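Below you'll find the structure, written out as structure tokens, and then a few comments.
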Amino acid sequence: MLSLFFVDQLGTGSTQELEGDEGHHAVKVMRLQIGEEIKIADKSGNWVSGAITEVGKKSLKIDIAQRGSAQYLKPELIVVQAVTKSDRIKEMLELLTVAGADRIIPWQAERCISKWQSDSANKWSIAIKEAAKQARRVRLPELADAVTTNQLLNLFQAGDQIITLHEVAKSNISQLKFAADTKRIFLVIGPEGGISDNEIDQLIAAKAVTVRMGENVLRSAHAGFAALSVVQTLIGRW
């Protein structure tokens, strides 16, 4: 499978340049050579591929042999992820990205130990992009603005399927059923300290269903990956 790199915008001509940090990584770290084939994407699902024809000090150029675009799938899989500890952020985002989250919403839940900082969005975006490159995923998950519980509740619309993972729920996640016309599925993942009773009540009032992942309690950083895996299977993507 071809190595994947990202640019802000793809050109419309017969060649494509790779510059900046991505070009530097390709040339200096991966030491790619003329003749090797790579794929370059624009983060929104559009991509080109072809053989390298020029290599500079911190950039390269390919002759475009193929163009394509990743299909946007429905329903949209949205993970509402409570802000996790800093040492778990990269791992959590890697797992959500490779498991196919379409959108990730950072949630400042009541019991979050960590707080959303001014540089958090940049750190999360970098981790998502690196995970997508590893997974050869050309469409990046959208990283939404961080929300409080009240702001989260205002995001829900009629027809959304809202699933909250909670260790005391009576139903297992494998028992979920999805309507054929469901457009958006929200997976709400709480912090290490758990979702508060007040938050659970508010989510249930917003027509969320609570489910558990079995007898064992997963870390917040791992629960989203496990839940996405089940949902991807239930809706027939995996």
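The values are calculated or read from the model by the stated rules, or taken from the named source; none is laboratory data. On a predicted model such as this, the values are computed, not experimentally measured, just so you know. Neighbour counts are summed over all protein chains in view; Cβ atoms, including those assigned to glycine, are modelled from backbone coordinates with ideal geometry.
Scanning region 15-64 for residues being of a type in the set (D, E) and more than 28 Å from E142 (Cβ to Cβ) gives a total of 4. Among the residues of region 22-36, the ones that are in contact with a strand residue (DSSP E or B) (Cβ under 7 Å, 6 or more places away or on another chain), farther than 18 Å from Q134 by Cβ and either in contact (Cβ under 8 Å) with a residue 24 or more places away in the chain or of a type in the set (S, T, Y) (or both) come to 2 in all. Looking only at residues in region 198-217 that are without any contact (Cβ under 8 Å) to a residue 60 or more places away in the chain and of a type in the set (D, E), the one that is farthest from L153 (Cα to Cα) is E215. Report yes if I78 is in contact with a helix residue (DSSP H, G or I) (Cβ under 9 Å, 6 or more places away or on another chain) and within 22 Å of R184 (Cα to Cα), otherwise no. Judged against the criteria, I78 is not a match.
Filtering A109, A132 for residues that are surrounded by 19 or more Cβ atoms within 10 Å (Cβ to Cβ), under 17 Å from A70 (Cβ atoms) and either in the same structural domain as K90 (by TED's automatic domain parsing) or without any contact (Cβ under 8 Å) to a residue 60 or more places away in the chain (or both) leaves a single hit, A132.
This table checks each residue for (1) among the polar types (S, T, N, Q); (2) more than 27 Å from R103 (Cα to Cα).
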position	(1), (2)
M1	no, no
Q9	yes, no
T15	yes, yes
L18	no, no
M30	no, yes
Q33	yes, yes
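Residues that are buried (at least 16 other Cβ atoms within 10 Å of the Cβ) and among the β-branched types (V, I, T) number at least 1 in the following strands (runs of 3 or more DSSP E) confined to region 1-67: 37-41, 46-55. Taking the conditions exactly as written (part of a strand (DSSP E or B) and assigned by TED's automatic domain parsing to the domain that holds G224), does I89 satisfy them or not? Here the answer is no, as I89 does not meet what is asked.
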